[in-house]
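K.L.:
Sharing a structure with you now.
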Amino acid sequence: MAPILQLFERKAYPKLVEDAATMRSIPIESLFVDQPDRSTTYSASAAGLTLDFSRQAVTDDILTHLVALATEAQLRDAFAALRQGSTVNATENRPALHTLLRSNSAPEGLPNEYAAVAETRRRMQDWSEHIRSGRHTGFSGQPITDVVNLGIGGSDLGPRLVNDALQVFDGKIDAHFVANVDPAALQDALLGLSPESTLFVVCSKSFGTEETITNARAARSWLLQAGAEASALGAHFLAITTDIQAAADMGIPEDHCLPLWDWVGGRYSLWSAIGLSCAISLGWHTFSELLAGAQQMDEHVEAAVPGQNLAVLMALLEVWNTNFLGADSHVVLPYCEGLGYLPEFLQQLTMESNGKRVDVLGRELKSDSAPMLWGAAGTMGQHSFHQLLHQGTRTFSADFILPLTTHTGMTEQHGRLVANCLAQSRAMTVGRTEQQCIDSLLARGAGEERAQALATHLAIPGNRPHSLITMDALTPRSLGALLALYEHRTYFSSLLWGINAFDQWGVELGKDISGSIYEVMQNTRPSVDLDTVTLKHIAAWRAANDRAKQQD
Ligand SMILES: O=P(O)(O)OC[C@H]1O[C@](O)(CO)[C@@H](O)[C@@H]1O
């Protein structure tokens, strides 16, 4: 294994600092003068995806230095080690074997893990086909028409995204997703559903997550209130977890529980039985195509040289933009309605993985780790936050994601969508000078004085580094490949920063404090260790609820 180094300790670092200083005075657009075919040369393809990074602020020299960074960090060896089950998650002393979940053969040394994955996949297929055939019935003998996925974070975002993106491929059973502990989330999802034909898939790696367990209990009550006998509730639940006993304690029969393993990180678990709601709603063929697309990307990432390796390139660009060019956020702009949940999915994947302040050795980081990630499906964002992207003072990088065809048959609308995506990419590159604004205003009849006064308001600097990721169509395969690509980008960036992408200790403190506060609210714990602000708001909560009760 390569030694753990932070970015500033890498040999190519000083050279890249110099490169960045030079690049600050060179507009991206000007790079096309000497390299008119950048869009071909600064581009790489695999598994049905093409990454065009010609509008990133990179030159051949910079790429050489970035690739040196990847070579020094031994990214390809590290990827092979990840796939073979090395302990890449040091603080939890675990491997991270999400690639095994979509593999069709056992990596050396992992026959038992592979056998468990293959057996679970078989059971997922059985459940998916059994429920879709109408043979699985609820407490009154009615076939299941709706599945409700109860889970949060990695037990929600991936399945939610995939279900939304691939509905068109065979959404025979409706899937609904409830993550928040806010009762409105469950109530909204259950509106219009019949308890007799609704199945809950409780997804929780730990089976101890407050939101999920609270919602699962509420789902049980909903079924009981609808007349189900307690003994018949098992037919309405499946559970996906590492803790089968905890699921059994909630009354979920053992043969309704599918396993998960501690070597799968929550945010990397879509490919496991956590994807069962999708496999039920979209059908097994669609789900297995998703796995196949991801596996194709795994093969590419393991085999391709750094300069042609999509995940390596994206990690290098992330580090280049964040640590050398000073981007403080990364914007994800899918021009595809079906990818509306992609920014949220990537928020967890990248910010929970790489939002770290110490390296693997526990040393404080000397440079930034993951940028903040945000975004929305185009064109909606154009009518809200793109103003900041074009004229704001913040520095960011972006990924545009564009399927080149639509499944809808509505080619005119889709053509307009494509034109908008390409327009935003072009505007973010070339911008608009003050002189162009003045000329255009004068041509439209404005007086000289008004044209001069408005020019600075209309001018757009452009020069915003971004990539375009295109695919022929959004299919189960291209989606699988896209999500696997971002997973590997995330891992490679973590290696370049010297951090652990697979733990998430920062989320624990809030969970502990919330447990204590809830006990104080329920008067089952003294409030002595709570602060005055918290106590004031607990008192306000109590008073507001007393008033609400009196009004009932
Ligand atoms: O699947 P579980 O154990 O309910 O956890 C849900 C989510 O909670 C987290 O642990 C963060 O709180 C995520 O990493 C995880 O995806």
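The values are calculated or read from the model by the stated rules, or taken from the named source; none is laboratory data. These numbers come from a predicted model, not from an experiment. With ideal geometry, Cβ positions are generated from the backbone for all residues, glycine too; neighbour counts draw on all protein chains shown. These accessible areas exclude ligands, DNA and RNA; they are computed on the full protein's heavy atoms, side chains included. Shrake-Rupley method; radii C 1.70, N 1.55, O 1.52, S 1.80 Å.
K.L.:
Picking from Phe177, Ala189, Ser204, whose Cα lies most toward the positive end of the charge dipole for the range 130-227 (charges on Cβ: Lys, Arg +1; Asp, Glu -1)?
P.N.:
Among Phe177, Ala189, Ser204, the one farthest towards the positive end of the dipole of the range 130-227 is Ser204.
K.L.:
Expressed as a whole percentage, what fraction of the accessible surface of the chain belongs to carbon and sulfur atoms when a 1.4 Å probe is rolled over the protein heavy atoms? List each step's numbers first, then the result.
P.N.:
On the way: 12590 of 24210 Å².
Exposed carbon and sulfur together represent 52 percent of the surface.
K.L.:
Additional query: Can you tell me the accessible area per residue over the chain, all protein chains present, probe 1.4 angstrom, in square angstrom?
P.N.:
On the way: 24210 Å² over 552 residues.
So the chain comes to 44 Å² accessible per residue, rounded to a whole number.
K.L.:
Just to be sure I understand the model, the point goes 7 Å from the Cα along the line to the Cβ. What's the resulting Arg135 to Asp188 distance in nm?
P.N.:
3.7
K.L.:
Add +1 for every Lys or Arg and -1 for every Asp or Glu among the other residues with Cβ under 14 Å from the Cβ of Gly154, and state the total. Display every interim value, and only then the final one.
P.N.:
On the way: positive: Arg160, Lys205, Arg267; negative: Asp156, Glu211, Asp262, Glu344, Glu352, Glu487, Asp503.
Here the count lands on -4.
K.L.:
Please report the antiparallel percentage of the DSSP beta bridges confined to the range 132-226, to the nearest 5. If you can, show how the numbers build up before the last one.
P.N.:
Values: 1 of 11 bridges.
Counting DSSP beta bridges with both partners in the range 132-226, the antiparallel share is about 10 percent.
K.L.:
Further question: Placing unit charges on C-beta atoms (Lys and Arg positive, Asp and Glu negative, everything else neutral), compute the dipole magnitude of the chain about its Cα centre in debye, rounded to 20. Please list the in-between numbers first.
P.N.:
Numbers: 40 positive and 61 negative charges, 97 e Å.
Dipole about the Cα centre, nearest 20: 460 debye.
K.L.:
Next question, about the same structure. Give me the number: length gained by fully extending Arg416 to Arg394, i.e. 0.36 nm times residue separation minus the C-alpha to C-alpha distance, one decimal in nm. Present the calculation step by step, with values, prior to reporting the outcome.
P.N.:
Working: separation 22, 0.36 × 22 = 7.92 nm, distance 2.84 nm.
5.1 nm is the gain from fully extending Arg416 to Arg394.
K.L.:
What does the charge dipole of the range 469-552 about its Cα centre add up to, to the nearest 20 debye, if the Cβ of each Lys and Arg holds +1 and the Cβ of each Asp and Glu holds -1?
P.N.:
220
K.L.:
Moving on. Glu434 label point, 7 Å along Cα→Cβ, cut-off 16 Å on backbone N: hits in the range 449-475?
P.N.:
Counting backbone N atoms under 16 Å from the label point, the list is 449-462.
K.L.:
What's the magnitude of the charge dipole for the range 431-480 around its Cα centre, counting Lys and Arg as +1 and Asp and Glu as -1 at the beta-carbon? Answer in Debye, nearest 20. Write down the numbers at each step before the final one.
P.N.:
Values: 5 positive and 5 negative charges, 50 e Å.
The calculated dipole for the range 431-480 is roughly 240 debye.
K.L.:
Would you mind counting up the charge near Leu290? Only other residues with Cβ under 10 Å from its Cβ, with Lys and Arg at +1 and Asp and Glu at -1.
P.N.:
Numbers: positive: Arg102, Arg477; negative: Glu289.
Around Leu290, the charge tally is +1.
K.L.:
Leaving ligands, DNA and RNA out of it, work out the accessible area of Asp249 with a 1.4 Å probe and give it in Å² to the nearest 10.
P.N.:
About 110 Å², rounded to the nearest 10.
K.L.:
Compute the length gained on full extension between Ser384 and Ala423: take 0.36 nm times their separation in residues and subtract their Cα-Cα distance, giving the result in nm to one decimal. Show your work: numbers first, answer last.
P.N.:
Numbers: separation 39, 0.36 × 39 = 14.04 nm, distance 1.62 nm.
Contour length minus Cα-Cα distance gives 12.4 nm.
K.L.:
Sticking with this structure for a sec: With the cut-off at 25 Å, tell me which of the pairs Lys172/Lys205; Lys11/Lys356; Lys356/Lys536; Lys15/Lys366; Lys11/Lys366; Lys205/Lys536 have Cα atoms farther apart than that.
P.N.:
The answer is Lys172/Lys205; Lys356/Lys536; Lys205/Lys536.
K.L.:
Calculate how steeply helix 60-72 sits against the longest principal axis of the alpha-carbon atoms of the chain, using the helix alpha-carbon long axis, and give the answer as 0 to 90 degrees to the nearest 10.
P.N.:
40
K.L.:
Given the C-alpha centroids of the range 332-363 and the range 496-541, what is the distance between them in whole angstrom?
P.N.:
If you average the Cα positions of each part, the centres end up 24 Å apart.
K.L.:
Calculate log10 I(q)/I(0) of the chain for q = 0.06, 0.07, 0.12 Å⁻¹, where I(q) comes from the Debye formula with a single equal point scatterer on each Cα and nothing for solvent.
P.N.:
Taking Cα atoms of the chain as identical point scatterers yields -0.34, -0.46, -1.21.
K.L.:
Measure off 7 Å from each Cα along the Cα-to-Cβ vector at Trp541 and Met1, then give the distance between these two points in nanometres to one decimal.
P.N.:
So the two model labels end up 4.1 nm from each other.
K.L.:
Using packing as a proxy for protection, rank 534-547, 300-313, 457-470 so that the peptide with the highest average count of other Cβ atoms within 10 Å comes first.
P.N.:
Numbers: 534-547: 11.3, 300-313: 20.9, 457-470: 18.8.
Packing proxy ranking, top to bottom: 300-313, 457-470, 534-547.
K.L.:
Modelling each spin label as a point 7 Å along the Cα-to-Cβ direction, I'd like the Asp249/Glu9 distance in nm, to one decimal.
P.N.:
So the two model labels end up 4.2 nm from each other.
K.L.:
So how do 195-203, 350-358 stack up, highest first, on mean other-Cβ count within 10 Å? Could you put the intermediate results ahead of the total?
P.N.:
On the way: 195-203: 23.8, 350-358: 19.7.
Top to bottom by mean Cβ count within 10 Å: 195-203, 350-358.
K.L.:
What order, most packed first, do the peptides 429-435, 397-403 have when packing is the mean number of other Cβ atoms within 10 Å of each residue?
P.N.:
Values: 429-435: 15.9, 397-403: 23.1.
Sorting 429-435, 397-403 by mean packing, highest first, produces 397-403, 429-435.
K.L.:
Could you calculate the FRET efficiency of Ser206 with Asp126 from 1/(1 + (r/R0)^6), where r is the beta carbon distance between them and R0 is 22 Å, rounded to 0.05? Please report the intermediate quantities before stating the final value.
P.N.:
Details: r = 25 Å, r/R0 = 1.15.
The pair Ser206/Asp126 has a calculated efficiency of 0.30.
K.L.:
Place a point 7 Å from the Cα of Leu509 along the Cα-to-Cβ direction; which residues of the range 333-358 have their backbone N under 19 Å from it?
P.N.:
Only 351-358 fall inside the zone, counting backbone N under 19 Å.
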